[in-house]
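To start, the structure itself, in structure tokens.
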Amino acid sequence: MQTLHPLLVHFPVAMLSLYAVVEIVSRIPLFKRFDLTLTKTVLVTVGFIGGLIASSSGEAIEHSFQGIRNLVEMHSTFATATNILAGIIFVIYAKIVFGPLFIEKLKPGKLQTLSMKSLAFWNTIHRNWLFMILLALAVATTITITGALGAVIVHGADVDPVVKMIYTALIK
């Protein structure tokens, strides 16, 4: 399991990092003519599910790092924060992409009306460009810190200048 975790983490890191870039770029007026909603939905869904799997594999090997328990706990905390942020983004995109499909299957009535109001709420959140960009930046930040702390656990703080800067800022 100890060799599995490093293999599993890179895929969600890539997906969520790419999601953040696409989210930010898609909000620039020049790129607004391209509907990248489905692309962002796929990236965040795969990244979120992959992050949950990677976190589970990390939990399984946590006991192997007793000498650096505080560092491992901080790494785990930032991984959890990343998963929570990715989960929030996943819910937003799942609601706006799949909500209309669900609503059209409902018979007219109270449930359909409530579902339409719910969809309007999620669409309002999604259209708030500042909120979505801040979420994208937050997930990019937490995943960067998680990765840097993971690098410190495996390779030491001097592996990279950015890793060292993050390690110094958070630990020392």
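With every protein chain kept in place and ligands, DNA and RNA left out, what is the accessible area per residue of the stretch 8-118? Probe 1.4 Å, answer in Å².
Solvent-accessible surface per residue comes out at 58 Å².
How high is the FRET efficiency between Arg27 and Ala94 when r is their beta carbon distance and R₀ equals 30 Å, given to the nearest 0.05?
Result of the calculation: an efficiency of 0.95.
Using the Karplus curve 6.51 cos²θ - 1.76 cosθ + 1.60 with θ = phi - 60°, work out ³J(HN,Hα) for each residue of the stretch 82-95 in order, rounded to whole Hz, and write x for Gly and Pro.
Rounded to whole hertz, the list is 4, 5, 5, 4, 5, x, 4, 5, 4, 4, 4, 5, 4, 5.
Using 0.36 nm per residue of separation minus the Cα-Cα distance, give me the extension gain between Thr77 and Thr3 in nm, one decimal.
Stretched fully, the Thr77-Thr3 segment lengthens by 24.6 nm.
Given q = 0.15, 0.17, 0.29 Å⁻¹, what are the Debye log10 I(q)/I(0) values for the stretch 21-81, with equal point scatterers placed on the Cα positions and solvent ignored?
Those come out to -0.61, -0.68, -1.13, one per q.
As I understand it, the value is the acute angle between the Cα axis of helix 129-155 and the longest principal axis of the Cα atoms of the chain; what does it come to in degrees, rounded to 10?
20
Normalising by the residue count of the chain, find the relative contact order in percent from Cα pairs under 8 Å and 6+ residues apart. Intermediate values should be presented prior to the final figure.
On the way: 162 pairs, mean separation 47.3, N = 172.
Normalised by residue count, the contact order of the chain is 27 percent.
Taking every alpha carbon pair in the chain, what does the distance histogram look like in 10 angstrom bins from 0, in percent?
Spelled out per bin, shortest first, that is 10, 33, 28, 18, 8, 2, 0.
Accessible surface of Leu101 in the full protein assembly, 1.4 angstrom probe, to the nearest 10 Å²?
Rounded to the nearest 10, that gives 90 Å².
In debye, nearest 20, what is the charge dipole magnitude of the stretch 1-87 about its Cα centre with +1 on Lys and Arg Cβ and -1 on Asp and Glu Cβ, if you could check? Intermediate results must be reported in sequence, preceding the final value.
Values: 5 positive and 5 negative charges, 78 e Å.
The calculation lands at about 380 debye.
Could you point to the residue in Ala120, Leu137, Thr45 farthest towards the positive end of the chain's charge dipole, with +1 and -1 charges on the Cβ of Lys/Arg and Asp/Glu respectively?
Ala120
Ordered by residue, what ³J(HN,Hα) values in Hz, to whole numbers, does the stretch 6-14 give under the Karplus form 6.51 cos²θ - 1.76 cosθ + 1.60, where θ = phi - 60° and Gly and Pro are x?
My calculation for the stretch 6-14 gives x, 6, 6, 6, 5, 5, x, 4, 5 Hz in order.
So what is the 222 nm mean residue ellipticity for the chain from helices alone, if each DSSP H run of at least 4 adds -39500 (n - 2.57) and you divide by all residues, rounding to the nearest 500 deg cm²/dmol?
That comes out to -28500 deg cm²/dmol.
Just to confirm my numbers, what's the Cα centroid distance between the stretch 1-41 and the stretch 99-124 in Å?
The stretch 1-41 and the stretch 99-124 have Cα centres separated by 28 Å.
Using +1 on the beta carbon of Lys and Arg, -1 on that of Asp and Glu, and nothing else charged, what's the dipole of the chain about the Cα centre, debye to 20?
Details: 13 positive and 8 negative charges, 175 e Å.
It comes to approximately 840 debye.
Could you tell me the calculated FRET efficiency between Lys107 and Leu36, based on Cβ-Cβ distance and R0 = 25 angstrom, to the nearest 0.05?
0.15
How many percent of the accessible area of the stretch 38-172 is carbon or sulfur, using a 1.4 Å probe? Each step should come with its number before you reach the end.
Numbers: 5370 of 7650 Å².
Its accessible area is 70 percent carbon and sulfur atoms.
The values are calculated or read from the model by the stated rules, or taken from the named source; none is laboratory data. The shown structure was predicted, so the numbers you read here are calculated from the model rather than taken from an experiment. A quick note on method: Cβ atoms are made from the backbone with ideal geometry, for glycine too, and the neighbour counts reach across all protein chains shown. SASA here: full protein model, heavy atoms, side chains in, ligands and nucleic acids out. Shrake-Rupley method; radii C 1.70, N 1.55, O 1.52, S 1.80 Å.
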